[in-house]
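These notes concern the structure reproduced below.
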Amino acid sequence: MAADSGVMAELRQFIGTVTAPGLNEVERGAIRRYAEAVEDPNRLYSDFEYAAGSRFGGLIAPPGFFGWPLKVSTAAMEVMAPVFETVLKAGLFRILDAGVEYDFFLPVRADDILTWYARFADASEREGKAGRMVFLTMELVYLNQNGDTVARRRQTFLAR
């Protein structure tokens with residue numbers, strides 16, 4: 001399939017679209033409950049005294065836990081809705097989750113307020129045995145209250 005197919009030309013116009021920022025609160029009890037839910041016994045997530053004596057100086061969140069929204073946001077879907085609409089119009093009705101990758105830069109700490117934004121990062125097209133496949137990538141970046149990037153999440157969707 002040519003790189004300049006109709007669907008790719010339409011998708012290119014959305015690459016780089018960024019949401020308004022969202023805010024998440026990382027509450028101590030939520031860290032502990034999340035760690036329990038995923039059955040992670042690491043004391044850095046639940047034992048205040050142990051965590052205080054660690055190199056982190058306090059409770060940290062397990063990888064992949066970024067707290068809870070201070071205000072519910074549909075921003076990520078607002079960015080991706082026109083992208084999904086474009087692939088559906090192109091006859092690519094099967095949209096599958098093709099995986100998530102994380103880059104962790106700094107620990108997320110109890111009482112952090114994280115600002116996040118989502119961006120439609122990339123689109124590519126391939127011809128496979130089952131026909132045309134379009135890969136869509138959305139990136140979320142999380143910043144702590146000091147403006148430091150704590151993590152980056154890249155989620156890929158496969159449309160065919």
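Just so it is clear, none of the values below were taken in a lab; they were calculated from the coordinates. As the structure is a computational prediction, the values presented were derived from the model and not from experiment. All Cβ positions, even for glycine, are placed from backbone atoms using ideal geometry, and neighbour counts span all protein chains on display.
Of note:
- Region 42-88, relative contact order in percent, only Cα pairs under 8 angstrom and at least six apart counted: 23 percent
- Between 0 and 90°, nearest 10: helix 28-37 axis offset from the chain longest Cα axis: 70 degrees
- P(r) of region 67-160 over all Cα-Cα pairs, binned every 10 Å from zero, in whole percent: 15, 41, 27, 14, 4
- Environment charge at Arg28 (Cβ cut-off 15 Å; Lys +1, Arg +1, Asp -1, Glu -1): -3
- With contacts taken as Cα pairs under 8 Å and at least 6 residues apart, the chain reaches a relative contact order of 29 percent.
- Cα-based helix-to-principal-axis angle, 75-89 vs the chain, degrees rounded to 10: 20 degrees
- Amide hydrogen neighbours beyond the local backbone of Asp111, cut-off 5 Å, H modeled: Val26, Glu27, Arg28
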